[in-house]
Amino acid sequence: MRILVLILISSIISVSCNEQAAKNQIRKSSTPIGERIFYEIFVHAYYDSDGDGIGDLNGVTAKLDYLQGLGVSGIWLLPVHPSPTYHKYDVIDYYGIHPDYGTMEDMKTLLDEAHKRNIMVIIDMVVNHSSSEHIYFQEASKGENNPFRDYYVWSSDTLIQRQEPHHWHSNNGDREKYYGFFWKGMPDFNFDNPAVREEIKKIGKFWITEVGVDGFRLDAVKYIYPDSLVQKNVEWWQEYRAFLEDSDDDFFLVAEIWDESTSIGPFLDRGIHAAFNFELSFAIEELLIKRRDPGLGRMLGEIHERYQEASDSFYDAIFLKNHDQNRIMSLLTDPRQAKLAASILFTLPGIPFIYYGEEIAMLGLKPDEYIREPMVWDLPGQDSGQTNWIEPRHSTPGKVTPVKQQMENNTSLLFHYKKMISIRNEHKILSTGSIRSLNHIPDSFCAYELYNADNKILVIHNLVDKTANLDSELLKSRGRVLYLSGTYSEETRDLQLDPFGTLIQYVD
Ligand code: CA
């Protein structure tokens, strides 16, 4: 009997080791993380597989061919855990899948199918706080002697509470108030409690080693401790990553630190792998609106130098807009600028993140629900998988051309995304090169050079709505042109860029 049990146990272990090995092989044999392009998905709004009008995991699986066709090699899913809110940034069960989205089996199918297509999958991990409906908080709120009391932050000190009146919340006549930075439904965990740290690490390990996700988009990274205790905050994320690396060294942690690059640097030192570049997002927006280059190349080069000082291995997560910001298309005054925005994003070094629908010029303005409207797949009534979780205000029929119609039109924005992404995927220097601005170019152009030890690429964007001539020394040592919307005369070396047009070419 004992022998039989041992054989059974050893075969179980060997099966799970083999599965782990197979999973790792899929990831390791494929594209390095720094050469990938990600796509951010609000599952709720993406694609519905079972007719209830709410997007789900099987719906995402159904669209993997579309995503592969677009050329992306990673997806980030907004929170998938059980939660009382539509956005799910307040978690009730960190080990589960929200029933609207499907089951754990559906998640594993999504992972398998994504990995077959060389698409990494990361999920949102929201651990600064839980939902006030999480069992831990339900217990903690019962009284000061409850064993889970110390999982959260409590105080009866009215002086402290008065300093941050919006962050301290009453609990049914309790002598103490609890701390919830974002709102009362999101009580902050107490990271000074070792039991909390162990639990948060265990959750991370579960998703990476048992479920098989490829990493996390870490929410609210800078809020674990207040700004005055930033070192404690940095040390927590170092502890978290080191713990996960004990079981699997092949995962990706990209952080939301809504702050300037000077504040992000310390977190890149053995903590997170990457952070979203909000500074760049705002600079691109400003450039598009003012139609003048604020010195994008120089700015990004300086940010990367700062990161380099903090860490010798970091990635930069670059993006136009995300699920917390007004959609880029709603901020632009000329629809042709949508192509320019893409041409800029896909020629800057880093890991680009596309917000779902950006590739078809979806519109959206706050409040938040209306920057997260249903993805537009086809004309009204033509695709049963179209979600209807909310009645759209901005991406309404007639205002946004659906995916299906853009697929059939080689002048569409979607077609332009595919073109830019394929150029980026083919020429790795666009992802991994260093960047510097070019001097002595009028600021109605945005011009920069990407370079590594072997190659140099010149990128020039025309930021205005007129055809623009550029006669520059730059153009004397021209190499292979990868992309040009405009004309170039070999004889006169005169470059004409179309309104909002772009040149991408190697420099000999
Ligand atoms: Ca559904």
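The values are calculated or read from the model by the stated rules, or taken from the named source; none is laboratory data. Values in this document were obtained by computation on a predicted structure and should not be read as measured data. For neighbour counting, all protein chains shown are included, and Cβ atoms are generated from backbone atoms with ideal geometry for every residue, glycine included. All accessible areas refer to the heavy atoms of the entire protein, side chains included, with ligands and DNA or RNA removed. Shrake-Rupley method; radii C 1.70, N 1.55, O 1.52, S 1.80 Å.
In sequence order, region 494-507 has phi-based couplings of 9, 9, 10, 9, 4, x, 6, x, 9, 10, 10, 8, 6, 10 Hz under the Karplus curve 6.51 cos²θ - 1.76 cosθ + 1.60, θ = phi - 60°, and Gly or Pro positions carry x. Annotation: region 230-334 has a Kirkwood hydrodynamic radius of 15.0 angstrom, from the mean reciprocal C-alpha pair distance.
Distance from the Cα centre of region 485-506 to that of region 56-113, in angstrom? The distance from the Cα centre of region 485-506 to that of region 56-113 comes to 43 Å.
Its relative contact order, with pairs defined as Cα atoms under 8 Å and 6+ residues apart, puts region 135-179 at 31 percent.
Measure off, as a whole percent, the carbon and sulfur share of the 1.4 Å-probe accessible area of region 433-507, all protein chains present. Accessible surface attributable to carbon and sulfur in region 433-507 totals 41 percent. Within the same chain, aspartates and glutamates fewer than 8 places from Lys202 are excluded, and of the rest, those with a Cα less than 15 Å from its Cα are Asp93, Glu210, Glu239, Glu245, Asp246, Asp248.
Leaving ligands, DNA and RNA out of it, report the carbon-plus-sulfur percent of the accessible area of region 57-100 at a 1.4 Å probe. Looking at region 57-100 in its full context, I get 52 percent from C and S. Taking all Cα pairs closer than 8 Å and separated by 6 or more residues, the relative contact order of the chain comes to 13 percent.
Students often forget the sequence filter, so: which aspartates and glutamates lie under 19 Å Cα-Cα from Lys399 once same-chain residues fewer than 8 apart are removed? Leaving aside aspartates and glutamates fewer than 8 places away in the same chain, those within reach of Lys399 are Asp334, Glu358, Glu359, Glu369, Glu373, Asp378, Asp383, Glu391, Glu408.
Reducing region 140-158 and region 244-264 to their Cα centroids gives an inter-centroid distance of 30 Å.
Amide H contacts for Ile354 (H built 1.01 Å from N in the peptide plane; partners 5 or more residues away or on another chain; cut-off under 5 Å): Phe38, Tyr39, Glu40. Take the alpha carbon atoms of region 273-290, find their center, do the same for region 402-428, and report the distance between the two centers in whole angstrom. Using only Cα atoms to place each centre, the spacing works out to 22 Å.
Using only the heavy atoms of the protein chains and a 1.4 Å probe, how would Lys63, Lys232, Lys142 rank by accessible area, largest first? Numbers along the way, then the final one.
Values: Lys63 35, Lys232 75, Lys142 145 Å².
Highest to lowest solvent-accessible surface, that is Lys142, Lys232, Lys63.
Only protein heavy atoms count here; under a 1.4 Å probe, Asp368 has an accessible surface of about 50 Å².
Under 1.5 on a/c is rounded, so check that first for the chain, then, if it is not, pick prolate when a/b is larger than b/c and oblate when it is not; a ≥ b ≥ c are the square roots of the alpha carbon gyration tensor eigenvalues. Walk me through the numbers on the way to the answer.
Details: a/c = 1.66, a/b = 1.56, b/c = 1.06.
It comes out prolate by the Cα gyration axes.
Remark: relative contact order (region 433-507) = 32 percent; criterion is Cα-Cα distance under 8 angstrom and separation of 6 or more residues.
May I ask you to give the solvent-accessible area per residue for region 433-507, in square angstrom, as obtained with a 1.4 angstrom probe? All intermediate terms of the calculation are to be shown ahead of the outcome.
Working: 3620 Å² over 75 residues.
Value for region 433-507: 48 Å² per residue.
Students often check this: by mean Cβ neighbours within 10 Å, which of 416-429, 207-220 ranks highest, and how do the rest follow?
207-220, 416-429
Residues in region 404-431, backbone N under 11 Å from the label point at Asn452 (7 Å along the Cα-to-beta-carbon vector): list them, ranges by number please. Those under the cut-off are 427-431.
Please go through the residue pairs Lys63/Lys418; Lys222/Lys321; Lys63/Lys366; Lys339/Lys419 and name each one whose alpha carbons sit more than 22 Å apart in this structure. Before the final figure, lay out each step's value.
Values: Lys63/Lys418 16 Å; Lys222/Lys321 20 Å; Lys63/Lys366 27 Å; Lys339/Lys419 11 Å.
With Cα atoms farther than 22 Å apart: Lys63/Lys366.
Between the beta carbons of Asp50 and Lys366, assuming R0 = 25 Å, the FRET efficiency works out to 0.25 to the nearest 0.05.
Could you calculate the contour length gain from Arg393 to Arg117, that is, 0.36 nm times the residue separation minus the distance between their Cα atoms, to one decimal place in nm?
On the way: separation 276, 0.36 × 276 = 99.36 nm, distance 3.43 nm.
Answer, rounded to one decimal: 95.9 nm.
For region 293-424, what is the accessible area per residue in Å², given a 1.4 Å probe and the full set of protein chains? All intermediate terms of the calculation are to be shown ahead of the outcome.
On the way: 5050 Å² over 132 residues.
Value for region 293-424: 38 Å² per residue.
Each peptide in 393-404, 315-326, 111-122 gets a packing score, the mean of other Cβ atoms within 10 Å over its residues, and the list from highest to lowest is 315-326, 111-122, 393-404.
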